[in-house]
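Here's the structure we're looking at; comments come further down.
The values are calculated or read from the model by the stated rules, or taken from the named source; none is laboratory data. Just so you know, these numbers come straight off a predicted model, no measurement behind them. Glycine gets a Cβ as well: all are built from the backbone with ideal geometry, and neighbour counts include every protein chain shown. In case anyone asks, the SASA skips ligands and DNA or RNA and just uses the protein heavy atoms, side chains included. Shrake-Rupley method; radii C 1.70, N 1.55, O 1.52, S 1.80 Å.
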Amino acid sequence: MDAIKSDSGGAAREVDVVVVGAGFAGLYLLHELRRLGFSSVALEAADDVGGTWYWNRYPGARCDIESIDYSYSWDPDLQREWQWSERYATQPEILRYLGHVADKHDLRRDIRFSTRVTGARWDAAAQRWSVRTDHGDEVRCRFYVMATGCLSVPKTPDVPGHERFRGASYYTGRWPKEGVDFTGKRVAVIGTGSSGVQSIPIIAQQAKELTVFQRTPNYSRPAKNGPVPKAKKALFDADPAGYRAAARLTGAGVPVEKPELRAFQVSEAERRARYEEAYQSGDLLVFGAAYTDILFNDAANESVCEFLRDKIRALVKDPDTAEMLTPRDHFYGTKRPCIDTNYFETFNLPHVRLVDLRREPIRTVTETGIDTSARSFEFDAIVYATGFDAMTGAIVAVDVAGRDGLSLKQKWDHGPRTYLGVMTTGFPNFFTMTGPGSPSVLSNMAVSIEQHVDWVRDCLVHMRAEHLDVVEPTPTAEDAWVQHVNDCADITLLPRANSWYMGANVPGKPRVFLPYIGGVERYRKICDDVVARGYLGFAFAGGSGRRCNDGVVRRLQPDAEIFLEMLTELGAPRIETLSVADARAFAAASGAAQPPGPAVGEVRDGQLAGAAGPLAYRLYRPATPGPHGVVAYFHGGGWVLGDPQSDDPFCRYLCVKADAIVVSVNYRHAPEARFPAAADDAFAAVRWIADHAAELGAAPGRLAVCGWSAGGNVAAVACQLARDAGGPPIAGQVLVTPVTDCDLSRPSYAQNGEGYFLTTDLMRWFWDHYADPADRTSPKASPLRAPSLAGLPPALVVTCEFDPLRDEGSAYAVALAKAGVAARERQGRGMIHNSVPGVDVMLSAVGLRAELASALRAFLGAATPHATAARRDPASAAHA
Ligand SMILES: Cc1cc2nc3c(=O)[nH]c(=O)nc-3n(C[C@H](O)[C@H](O)[C@H](O)COP(=O)(O)OP(=O)(O)OC[C@H]3O[C@@H](n4cnc5c(N)ncnc54)[C@H](O)[C@@H]3O)c2cc1C
C-alpha cells in the first residue's frame, strides 16, 4: 500500500483514511494515524470535538464509569496532568478533557467540523472509497472508518403529536449549548433511562412543577458521587500503566474483584451483606459481579432485584409511587442499569409527580401539553429523554455502498452482521469503531475504543508493510462470529429484556442482541488471536497477490470455553496421572461443587440386586401426581469413577423435565470389578427395576434407560442384553455422549483428544482399568460391534462436537437406524463431553437437555414395549 500524497486533513480531497466522528474514538484514531504517517481527515457533524459529550449537555449529564477509568490511557503525560474533580465527572468537565486532548495534540487541524457524512461508495476499480458530505463535496480514501458512536443518534420520539407542542421541546441527546433555565416552568420529562434518571433530580430543583412520564421503571441506586476516592487515586497514581493493563484484562474494562461463588452458595444473610456493600459502593458494575451467576440465573438475579426493590420502597414515601417506580418486567442488568443522585428521593417532593404510561398511555402531545388516556396536562416545556437508536443508528444513517453497490442498510436489514464488530463482508477497507458484535456499550468504552483503534491501526500498518491494498472478512468468519455473539448472549438473561441492547426501543428495528457480551478480556484475546493466526478470517489483496486465510476463530460454546479455562486456572490435575483413589477423591470434590439442580418430590436411597450382590441406588421421584414411568440411569466416570449421586443435578433435572422416576444405579466399578461387571450390573439393575416397578411407585411397563459417557455404554449394553434375554421391555434409550466402541482412532479422537476435558489419554486409562484388550471388542464392552442391532429400543444418541467420543456416538446412531431401530442423533454444536449433564453450568446445552428429557417423556408416555415404540420417531413424539 503506497501512501497517498496529499495535504493531510483540512481541505484534502484524497487521503489514506477518512474517519467519521471526533469523539473519544475519532480523536485517538486521528492521533495514531498521524503518528504513523497515514494522511487522514475526520469529518464531524458537530462544530467541535467531544461526540457524546458535545451533544449531551442536559442537566446532570455525567459519566457513570468512574472518571479515572473512563479516560484515555494512551498519553502517559495526560494521565499525570489531568486531575478529575469528581469521582464521576460532569459533561462539561469531560468535554473540557477531550478539548484539551485535541489542543494538546493539535488534532483540530485534521478535523472538518459541521460536516455530516451522507454517503460512502466503494470504487472497486480504484480501490477507493468516495465519501460524500452534506456540503455536496467528496473525499476519496483508501480506508473508511466510522467512529460515529454507539449512542449518537437520538431516537425519534415515538410519541404521537410531538410536533404540535407550542412550548419548548428539548432532547437530552441534542441539548442546547446555552443551557436551559426551567425556573418557574411546568416541565414534563418523558423517559426514565440513564439520561432521565440523571436529569430529573436537577430539573426538579428548578421547575415549578415536574411531571415524569415513565414507560419502564429502572434499577438505579446512589452513585455516591464526590471527590475522586483517595484509595482509588492512590492505586492508580502508584502505577498507571499497571492499572490500565489490569483494566484490559477484566470483563467490563474496569478492575473489579472477580466473583468466585454462585449467589446461593452463601447464606441469605451473607448475600444481603454483599449486596448492601455493593449498594453502598456507588459502583455501576459491582452488582453484576457480586456472584458468578447474576447475569445467567433467574433466581440469582431475582435476589438482586428484590434487594433493590426493597431499597426503592424505603426511599419513596408514597407506596403507590414506589410501586410504579419498582421494576418488575426485567432482570437486573438486562437493561442498562443506572446510578443516580437523589433520583428516587425526587419523587417525594410535593411539586413532582409520576405518570405510569403502562397504566395511562400517552394519547397525544397537544399544543399545550400531553393527553394521556386518563388525563390532560399543561406544560411550558417537554424534555424527551427517550434514548438512542443504539449501535447501528449512526452507521446505517449513512448511505454506505460496498462491493457491487451492496447497501449496508440492506445487508443489515435483519440485524447487523460483522466480523469482530470491526468489519463486515462485502465492504472492503471499511471499519467500524465499537461496532455491533464488539463489547462496546457493555464495557468501559474508553478501554474498548482504544482496543479497536489499536487493532485497526495495526492492521493498516501490517497492510502497508506487506504491500496489501484491500482487506475484507470472509463470509465464513463473519457467519461464525455472528453465531458466537449470539451463543454468548443466549446463555445470559439479557436477550430476554426489551432493551436497546436488543434494538427493542426502536419500532421496526430487528430484535438482535447487538453488543458482544463475552467481555473485554476475552474479546481482546480473540482479536489478538486472529492476528497471531495470520489475520484468520480475512482476505487481503494487493501488489503481492491475494491472500485469504479463511477460518473460524471461536467455535466452542462460551460456557465450555469458560469451563476449560477454569480447569486450567485451578491447575486441575490430569486424572490419568492420578491413582484410582486420588482420581475418585478429585471427582467427588468436583461433583460436590456442582449447582444442586432442581428440587424434586422425593429423593431416597436404596439397594437393588446386581449381578453379583446388592447395588446402591438413589431414587428421584417427581412432585407431580403419578403414576410415573421410570428411567434407569447410569452415571458417567469411565467405569472407574462416580456413584449414584455423582450426576445428582442431571438426575434431578431428568426427573422434573421428563416427569419420571429416575433410579440412578451404582454398578460395580473397575479396576476392582473389571469387565463385564459394570455391563452385567446394568442389565441386572434394569431387570430389577422392571420387576419392582410397583414397589418403587412406578407404572409397570414404562421403563426407559439413560446414561452418560461410560454410563451410556452400559445403558446401551443393557438394552442389547434385555433384547437377547427376551425382556424386560424397554421403551427407549437416551445415550448421552456414550462410549460405544474401543477404537480410539476415529477422527474425533484426533481432533478433540486433547484440550476438551475428556482426553484420549484419559479414555485409554479408563479402558485399561476396565477391560483387557481381548475383551474390549466384545459387544458387552463395545456395543457398536454387536452382530445385529435390530430389535433394540428406539434411541436418542446425543453427541457433542468437541468430544473424542463424538464419532462413535454418531456411528452407533447410524448403525441403529440402519438396523431398523427408530434412532436419531442430536449433536451439540460447540459442546464438550460434559456439556449435557452440566445442569445450571453448561447453559448452552439447555435446549439439548430439554430435548432429551422430552424424548424420555415421549418414550415413557407409551406404555407399550419397544416393538410399538420403535415405529415412532421419538423426536416428533416429543414435540407433538
Ligand atoms: C449521557 C451518556 C453518558 C455516557 N456515559 C458513559 C460512561 O460513563 N462510560 C462509558 O463507557 N460510556 C458512556 N457513554 C457512552 C459514550 O457514548 C462513549 O463512552 C463514548 O463517548 C463514545 O465515543 P465515540 O467517539 O465512539 O462516539 P461519540 O462520542 O458518540 O462520537 C461520535 C461522533 O460522530 C459524529 N457523527 C456521527 N455520525 C456522523 C456523520 N454521519 N457525519 C459526521 N459526523 C457524524 C457525531 O456527531 C459524534 O460527534 C455515555 C453515553 C451517553 C449518551
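Just checking, which of 326, 341 is among the β-branched types (Val, Ile, Thr) and closer than 28 Å to residue 489 by Cβ?
Going through 326, 341 in turn, just one is among the β-branched types (Val, Ile, Thr) and closer than 28 Å to residue 489 by Cβ: 326.
If you scan the stretch 259-291, which residues turn out to be closer than 17 Å to residue 223 by Cα and among the hydroxyl-bearing types (Ser, Thr, Tyr)?
Of everything in the stretch 259-291, those that are closer than 17 Å to residue 223 by Cα and among the hydroxyl-bearing types (Ser, Thr, Tyr) turn out to be 275, 279, 281.
Under 6 Å by Cβ, and 6 or more places apart or on different chains, what pairs join a residue from the stretch 81-109 that is within 13 Å of residue 233 (Cα to Cα) with one that is loosely packed, with under 14 Cβ neighbours inside 10 Å and at pLDDT 95 or above?
Filtered contacts from the stretch 81-109: 87/226.
Quick check on the stretch 95-112. Is at least one of its residues within 13 Å of the ligand (Cβ to nearest atom), open to solvent by 30 Å² or more (accessible area, probe 1.4 Å), within 23 Å of residue 34 (Cβ to Cβ) and within 33 Å of the chain's Cα centre (by Cα)?
Within the stretch 95-112, one or more residues are within 13 Å of the ligand (Cβ to nearest atom), open to solvent by 30 Å² or more (accessible area, probe 1.4 Å), within 23 Å of residue 34 (Cβ to Cβ) and within 33 Å of the chain's Cα centre (by Cα).
Identify the residue in the stretch 293-303 that is in a helix (DSSP H, G or I) and free of Cβ contacts under 8 Å to residues at least 40 places away in the same chain and, among all such residues, is nearest to residue 221 (Cα to Cα). Break it down into steps so the answer makes sense when it comes.
Going through the stretch 293-303, the residues in a helix (DSSP H, G or I) turn out to be 298-303.
Subset that is free of Cβ contacts under 8 Å to residues at least 40 places away in the same chain: 299-300, 302.
Numbers: 299: 21, 300: 19, 302: 16 Å.
Looking at the filtered set, the residue picked out is 302.
For a quick check of your reading: which helices (runs of 4 or more DSSP H) sit entirely within the stretch 203-292 and have at least 3 residues that are modelled with pLDDT of 95 or more, out of contact with any Cys (no Cβ under 9 Å at 6 or more places or on another chain) and within 16 Å of the ligand (Cβ to nearest atom)? Walk me through how you get there before you give the answer.
Details: elements: 230-238, 240-248, 268-281.
Qualifying helices (runs of 4 or more DSSP H): 240-248.
Results for (1) part of a helix (DSSP H, G or I); (2) among the polar types (S, T, N, Q); (3) touching a helix residue (DSSP H, G or I) at 6+ places or on another chain (Cβ under 8 Å); (4) within 28 Å of residue 848 (Cβ to Cβ), shown as yes or no for each residue.
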site	(1), (2), (3), (4)
655	yes, no, no, yes
659	no, no, yes, yes
664	no, yes, yes, yes
668	no, no, yes, no
672	no, no, no, no
684	yes, no, no, no
689	yes, no, yes, yes
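Could you check the stretch 64-74 and list, in sequence order, the residues that are within 7 Å of the ligand (Cβ to nearest atom) and over 23 Å from residue 190 (Cα atoms)? Give the derivation first.
Within the stretch 64-74, the subset within 7 Å of the ligand (Cβ to nearest atom) is 64-65, 70.
Residues satisfying the conditions are 65, 70.
Inside the stretch 379-473, counting only helices (runs of 4 or more DSSP H) that do not spill past its ends, which hold 1 or more residues that are touching a residue at least 40 places away in the same chain (Cβ under 8 Å)?
Numbers: elements: 393-396, 408-411, 445-465.
Per the criteria, 393-396, 445-465.
Out of the residues in the stretch 23-55 that are more than 18 Å from residue 429 (Cβ to Cβ), in contact (Cβ under 8 Å) with a residue 60 or more places away in the chain and within 6 Å of the ligand (Cβ to nearest atom), which is surrounded by the fewest Cβ atoms within 10 Å (Cβ to Cβ)? Even if it seems obvious, please write down each step before you answer.
If we filter the stretch 23-55 for residues that are more than 18 Å from residue 429 (Cβ to Cβ), which is where we start, we get 23-24, 27-28, 31, 34-35, 44-55.
Now drop any that are not in contact (Cβ under 8 Å) with a residue 60 or more places away in the chain, which leaves 23-24, 27-28, 31, 34, 44-49, 51-52, 55.
When the remaining residues are screened for being within 6 Å of the ligand (Cβ to nearest atom), the result is 23-24, 44-46, 51-52.
Values: 23: 25, 24: 30, 44: 28, 45: 20, 46: 18, 51: 26, 52: 21.
Only one residue fits best here, namely 46.
Mind listing whichever residues of the stretch 734-754 are buried (at least 20 other Cβ atoms within 10 Å of the Cβ), among the polar types (S, T, N, Q) and not in a helix (DSSP H, G or I)?
Selection gives 737, 740.
Which of the residues spanning the stretch 801-816 are aromatic (Phe, Trp, Tyr) and over 33 Å from the mean Cα position of the chain (by Cα)?
812, the sole residue that qualifies.
Which members of the stretch 347-378 meet the condition of being part of a strand (DSSP E or B), of a type outside the set (Asp, Glu) and open to solvent by less than 50 Å² (accessible area, probe 1.4 Å)?
Our first condition is that a residue be part of a strand (DSSP E or B); within the stretch 347-378, this holds for 352-356, 362-365, 369-372, 376-378.
If we keep only those that are of a type outside the set (Asp, Glu) as well, we get 352-355, 362-365, 369-370, 372, 376-377.
If the condition is that a residue be part of a strand (DSSP E or B), of a type outside the set (Asp, Glu) and open to solvent by less than 50 Å² (accessible area, probe 1.4 Å), then 352, 354, 355, 362, 364, 365, 369, 370, 372, 377 are the ones that fit.
Sort through 129, 175, 122 and tell me the only one that's among the aromatic types (Phe, Trp, Tyr) and within 12 Å of the ligand (Cβ to nearest atom).
Numbers: 129 fails: within 12 Å of the ligand (Cβ to nearest atom); 122 fails: within 12 Å of the ligand (Cβ to nearest atom).
Unique residue meeting the criteria: 175.
Do we find that residue 668 is within 19 Å of residue 859 (Cβ to Cβ) and open to solvent by 10 Å² or more (accessible area, probe 1.4 Å) in this structure?
Working: within 19 Å of residue 859 (Cβ to Cβ): no; open to solvent by 10 Å² or more (accessible area, probe 1.4 Å): yes.
The answer is no for residue 668.
If only one of 415, 426 is under 21 Å from the mean Cα position of the chain (by Cα), open to solvent by less than 20 Å² (accessible area, probe 1.4 Å), more than 16 Å from the ligand (Cβ to nearest atom) and farther than 30 Å from residue 317 by Cβ, which one is it? Spell out how you get there, then give the answer.
Values: 426 fails: under 21 Å from the mean Cα position of the chain (by Cα).
Unique residue meeting the criteria: 415.
Out of (1) more than 10 Å from the ligand (Cβ to nearest atom); (2) under 27 Å from residue 387 (Cα atoms); (3) of a type outside the set (A, V, I, L, M), what's the single condition that is false for residue 77?
(2)
Assuming residue 648 fulfils every condition listed in (1) open to solvent by 10 Å² or more (accessible area, probe 1.4 Å); (2) touching a residue at least 60 places away in the same chain (Cβ under 8 Å) apart from one, which condition is it?
Status for residue 648: all satisfied but (2).
Kindly list the number of the only condition in (1) in contact with a Leu (Cβ under 8 Å, 6 or more places away or on another chain); (2) modelled with pLDDT under 95 that fails for residue 298.
For residue 298, the failing item is (2).
If a residue must be of a type outside the set (Phe, Trp, Tyr), buried (at least 17 other Cβ atoms within 10 Å of the Cβ) and farther than 19 Å from residue 457 by Cβ, how many such residues does the stretch 56-90 contain?
Narrowing the stretch 56-90 to residues of a type outside the set (Phe, Trp, Tyr): 56-57, 59-69, 71, 73, 75-81, 83, 85-87, 89-90.
If we keep only those that are buried (at least 17 other Cβ atoms within 10 Å of the Cβ) too, we end up with 56-57, 59-69, 71, 73, 79, 87, 89-90.
Restricting the remaining residues to those that are farther than 19 Å from residue 457 by Cβ gives 56-57, 59-69, 71, 79, 87, 89-90.
Of the residues in that region, 18 qualify.
Quick one: count up the residues across the stretch 579-632 that are over 39 Å from the mean Cα position of the chain (by Cα) and on the phi > 0 side of the Ramachandran plot.
Number of matching residues: 1.
Assuming residue 61 fulfils every condition listed in (1) at pLDDT below 95; (2) within 13 Å of the ligand (Cβ to nearest atom) apart from one, which condition is it?
Failed condition: (1).
For the stretch 388-411, how many residues are open to solvent by 10 Å² or more (accessible area, probe 1.4 Å) and either over 25 Å from residue 422 (Cβ atoms) or away from the ligand (no atom under 16 Å from the Cβ) (or both)?
Final tally of qualifying residues: 6.
Output the residue which, of all residues in the stretch 135-160 that are more than 16 Å from the ligand (Cβ to nearest atom) and at pLDDT 95 or above, is most open to solvent (accessible area, probe 1.4 Å).
So the residue we want is 140.
Which ones in the stretch 803-838 are part of a strand (DSSP E or B) and buried (at least 24 other Cβ atoms within 10 Å of the Cβ)? Walk me through it before giving the result.
Looking only at the stretch 803-838, we keep the residues that are part of a strand (DSSP E or B), and these are 823-832.
Across the stretch 803-838, the qualifying residues are 823, 828, 831, 832.
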